[in-house]
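Encoded as structure tokens, the structure appears first; notes follow it.
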Amino acid sequence: MSENEKLVANLEVKQREYLRLIEETRNNMTTLEQLGAENPVDSNDRDQTARERVHLLTEENHILFEQVTLLRAHHD
């Protein structure tokens with residue numbers, strides 16, 4: 001296996017990992033929203049902080065996914 005083929009294989013693995021992370025982040029956000037709806041008084045500040053963190057992580061995951069996709073396209 002050539003080095004280029006190894007890089008392509010590694011990029012494919014990273015791409016799948018980032019897609020999984022994005023999906024997990026979305027699922028976690030849904031769970032946080034459900035928990036906040038059940039107990040809105042105790043968790044407003046905590047939920048807002050968690051939502052902001054989830055939003056930032058989602059953006060970061062999307063950026064990383066786009067970078068991996070571009071790298072893969074460049075090597076193909």
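For the range 1-29, give me each residue that is more than 30 Å from H55 (Cβ to Cβ) and touching a residue at least 12 places away in the same chain (Cβ under 8 Å).
Once the filter is applied, which keeps residues that are more than 30 Å from H55 (Cβ to Cβ) and touching a residue at least 12 places away in the same chain (Cβ under 8 Å), the range 1-29 yields N4, L7, V8.
Provide a single number: the residues in the range 1-20 that are aliphatic (A, V, I, L, M) and more than 24 Å from the chain's Cα centre (by Cα).
1
Determine, yes or no, whether N44 is under 14 Å from the mean Cα position of the chain (by Cα), over 30 Å from H74 (Cβ atoms) and either modelled with pLDDT of 80 or more or of a type in the set (S, T, N, Q) (or both).
Here the answer is no, as N44 does not meet what is asked.
Do any residues in the range 56-76 that are under 16 Å from V13 (Cβ atoms) and touching a residue at least 40 places away in the same chain (Cβ under 8 Å) have Cβ atoms under 7 Å from those of residues that are loosely packed, with under 11 Cβ neighbours inside 10 Å and not basic (K, R), where the two are at least six apart or on different chains, and which pairs are they?
H75/N4
The values are calculated or read from the model by the stated rules, or taken from the named source; none is laboratory data. Computed from a prediction, not measured in an experiment: that's the story for all the values here. Methodologically, a virtual Cβ is constructed for each residue, glycine included, from the backbone with ideal geometry; neighbour enumeration extends over all protein chains shown.
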